[in-house]
Amino acid sequence: MLGAGERAAWLPLTDSMHGYASEIRLEEPGAEHARDQQHAERLAAQARESVVLSIFDNGYAVYVKKFDSPRPIKAVAAVGTRVPASCISTGKVLLAWLPDSALEATLPLLRKFTPLTKTTRRAVERDLLEARRLGYAVNSGEWRPGISGVAAPVRDWHGNVIAALGVWGADEDVLGTRRSELVTLTMAAANEL
């Protein structure tokens, strides 16, 4: 039973990647959620693009929070959406920093979703090396035609990657002249979570 000011949080296991572990944190109930919500909402407002927070689950990136772009035409997805991790920026971030078993779980899911989808282990590994080198990952229309994204790792207090925060929208908006700005905003917001 939790005492006053304690709450349980469910975090992905980092050793097997097939379940969740309970963790007790001492803080005001809802304080962390409200703080995370503020950072992600601020990112969506600053970026003027859609924002998602994803976790890894058995080869998939799963959207656990989302904030739609304020623009009238935008990329949208539902909380709970599961996407093969290798073809979206939040999934690539997770794969880049999780154990090799995460990539192994993703390999059976490799297939073409667009002409730009990476479908070989070698191509995916190149993307993951690049993500680790840069500190963020990019999706260039690999999941949906014309939709791209950038994402950065969200780390726990031990430095382990536990989630990924990403901005996504139309190719020309996300990977065009605003790419550097969006990467900077996303990395800063991910570091605040």
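For the stretch 78-127, just say rounded, prolate or oblate: build the C-alpha gyration tensor, square-root its eigenvalues into a ≥ b ≥ c, call rounded for a/c under 1.5, and beyond that prolate if a/b exceeds b/c, oblate if not. All intermediate terms of the calculation are to be shown ahead of the outcome.
Details: a/c = 1.57, a/b = 1.03, b/c = 1.52.
Here the stretch 78-127 falls in the oblate category.
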Per-residue SASA entry for HIS39, accessible area with 1.4 Å probe, Å² rounded to 10: 30
Beyond a 21 Å Cα-Cα separation, which of these cross-linked pairs lie in this structure: LYS66/LYS92; LYS65/LYS112; LYS66/LYS112? LYS65/LYS112; LYS66/LYS112
Shape call for the stretch 79-193, from the Cα gyration tensor axes a ≥ b ≥ c (a/c under 1.5 means rounded, otherwise prolate when a/b beats b/c, else oblate), comes out oblate
Could you give the length gained on full extension between LEU109 and ARG42, defined as 0.36 nm per residue of separation minus the Cα-Cα distance, in nm? 20.8 nm
Output for the stretch 133-193: chymotrypsin sites (Phe, Trp or Tyr not before Pro) sitting in coil per DSSP, at most 16 other Cβ within 10 Å, listed by number, reads TRP157
Per residue of the stretch 152-160, in order, report the coupling 6.51 cos²θ - 1.76 cosθ + 1.60 (Karplus, θ = phi - 60°) as ³J(HN,Hα) in whole Hz, putting x for Gly and Pro. 10, x, 10, 10, 7, 5, 9, x, 6
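The values are calculated or read from the model by the stated rules, or taken from the named source; none is laboratory data. Being a predicted model, the structure only gives us computed values, none of them experimental. We place every Cβ from the backbone using ideal geometry, glycine too, and count neighbours over all the protein chains shown. Note: accessible area is taken over every heavy atom of the protein model, side chains too, but ligands, DNA and RNA are not part of it. Shrake-Rupley method; radii C 1.70, N 1.55, O 1.52, S 1.80 Å.
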